[in-house]
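Visitor: One structure, pasted below without further comment.
The values are calculated or read from the model by the stated rules, or taken from the named source; none is laboratory data. Computed from a predicted model, the values in this text were never measured in an experiment. When we count neighbours, we look across all protein chains shown, and the Cβ atoms used for this are built from the backbone with ideal geometry, even at glycine. To get the accessible areas, we keep the full protein, side chains included, count just its heavy atoms, and leave off ligands, DNA and RNA. Shrake-Rupley method; radii C 1.70, N 1.55, O 1.52, S 1.80 Å.
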Amino acid sequence: MQLTDKVKGLFRRQSLKKHTSTEPTGLMPLSEVRSAVAFIDVVDTSFNECKQALMAFFRDNNIKGDIFFFDFRKLDQGERLITSITTTVLKKDLNWFDRPSQDKVNLMLAGEPDLFISLIPNADFPIEFMANCSRAHFKAGRVQLPGNVFDLVVSDPAGRSLSEAEFFNELYKLLRRVK
């Protein structure tokens with residue numbers, strides 16, 4: 001491990017310690033969820049289908065929902081952003097140790113979500129930070145984060161990587177069962 005990786009890790013740990021929510025979390029029935037936030041990676045080919053499924057989920061369950069996008073691609077000249085700049089976390093929104101900007105964090109926190117959903121298929125620091133600082137009462141994701149941040153984790157089946165849309169469909173089945 002290089003010195004820069006050690007320094008980056010130190011700053012990440014300090015940032016998490018400072019910003020991690022102390023709100024207790026646990027499983028929560030959908031009937032009690034009034035607001036939610038979900039995170040999607042736009043690199044996934046099913047992200048648009050997944051976005052539509054999330055919006056239908058929010059509407060069908062009378063949930064005020066926000067969808068945030070992670071888009072860390074390098075856009076070529078003439079290529080345009082395909083999501084709202086307000087709710088999209090870009091590479092330029094990350095600091096040198098990959099912490100999302102305070103503006104994006106504040107926007108997520110302003111919705112005061114009861115439910116936090118990560119459809120991000122990895123445990124990279126940007127989603128780890130957002131999940132940790134969220135004050136949501138129920139957190140669900142694909143990959144458990146250090147410190148057991150998620151109350152519900154649905155893993156991809158062995159030998160197969162689900163698209164975000166496929167994963168959300170499986171997660172939704174489980175969310176409907178929580179009583």
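Visitor: Take the residues in region 117-139 that are part of a loop (DSSP other than H, G, I, E, B) and open to solvent by 10 Å² or more (accessible area, probe 1.4 Å), then tell me which one is nearest to Val43 (Cα to Cα).
Guide: Ranking the candidates gives Pro121 first.
Visitor: If I filter region 170-179 down to residues being in a helix (DSSP H, G or I) and not aliphatic (A, V, I, L, M), which single residue comes out as least open to solvent (accessible area, probe 1.4 Å)?
Guide: Looking at residues that are in a helix (DSSP H, G or I) and not aliphatic (A, V, I, L, M), I get Tyr172.
Visitor: Identify all residues within region 14-28 that are open to solvent by less than 60 Å² (accessible area, probe 1.4 Å) and assigned to a helix (DSSP H, G or I); write none if there are none.
Guide: Within region 14-28, Ser15, Leu16, His19 qualify.
Visitor: So which pairs qualify, if the first residue must be in region 148-169 and outside any loop (DSSP other than H, G, I, E, B), the second must be surrounded by 12 or more Cβ atoms within 10 Å (Cβ to Cβ) and of a type in the set (Lys, Arg), the Cβ gap must be under 8 Å, and the two must be at least 6 apart or on different chains?
Guide: Here the result reads Leu152/Lys139; Val153/Arg142; Phe167/Arg142, each pair linking region 148-169 to a residue that is surrounded by 12 or more Cβ atoms within 10 Å (Cβ to Cβ) and of a type in the set (Lys, Arg).
For every residue, the table says whether it meets (1) under 14 Å from the mean Cα position of the chain (by Cα); (2) farther than 16 Å from Phe69 by Cβ; (3) among the polar types (S, T, N, Q).
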residue: Lys104; (1), (2), (3): yes, no, no
residue: Asp114; (1), (2), (3): yes, yes, no
residue: Ile127; (1), (2), (3): yes, no, no
residue: Met130; (1), (2), (3): yes, no, no
residue: Lys139; (1), (2), (3): yes, yes, no
residue: Asn148; (1), (2), (3): no, yes, yes
residue: Pro157; (1), (2), (3): no, yes, no
residue: Ser161; (1), (2), (3): no, yes, yes
residue: Arg176; (1), (2), (3): no, yes, no
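Visitor: If you don't mind, another one. Can you name the condition, by its number, that Phe97 falls short on among (1) closer than 25 Å to Val153 by Cα; (2) assigned to a loop (DSSP other than H, G, I, E, B)?
Guide: (1)
Visitor: Mind listing whichever residues of region 55-93 are in contact (Cβ under 8 Å) with a residue 24 or more places away in the chain and of a type in the set (A, V, I, L, M)?
Guide: Result: Ile63, Ile67, Ile82, Val89.
Visitor: For the subset of region 62-101 comprising residues that are more than 18 Å from Ser118 (Cβ to Cβ) and polar (S, T, N, Q), which member is most open to solvent (accessible area, probe 1.4 Å)?
Guide: Per the stated criteria, the residue is Gln77.
Visitor: Is it fair to say Arg142 is open to solvent by 30 Å² or more (accessible area, probe 1.4 Å) and either of a type outside the set (Gly, Ala, Ser) or under 30 Å from Leu3 (Cα atoms) (or both)?
Guide: Here the answer is no, as Arg142 does not meet what is asked.
Visitor: Of everything in region 148-169 that's in contact with a Ser or Thr (Cβ under 8 Å, 6 or more places away or on another chain) and open to solvent by 20 Å² or more (accessible area, probe 1.4 Å), which residue is nearest to Arg99 (Cα to Cα)?
Guide: Asp151
Visitor: Next up: Given (1) in a loop (DSSP other than H, G, I, E, B); (2) at pLDDT 95 or above, identify the lone condition not met by Lys74.
Guide: Looking at each condition in turn, Lys74 falls short on (2).
Visitor: Checking the conditions here, which among Phe57, Phe11, Phe39 is open to solvent by less than 30 Å² (accessible area, probe 1.4 Å) and in a helix (DSSP H, G or I)?
Guide: Among Phe57, Phe11, Phe39, only Phe57 is open to solvent by less than 30 Å² (accessible area, probe 1.4 Å) and in a helix (DSSP H, G or I).
Visitor: Further, regarding this structure: Taking Arg80 as meeting all but one of (1) assigned to a loop (DSSP other than H, G, I, E, B); (2) within 18 Å of the chain's Cα centre (by Cα), write down the number of the exception.
Guide: (2)
Visitor: Would you be able to tell me the number of residues in region 106-116 that are touching a residue at least 60 places away in the same chain (Cβ under 8 Å) and either outside any loop (DSSP other than H, G, I, E, B) or not charged (D, E, K, R) (or both)?
Guide: 5
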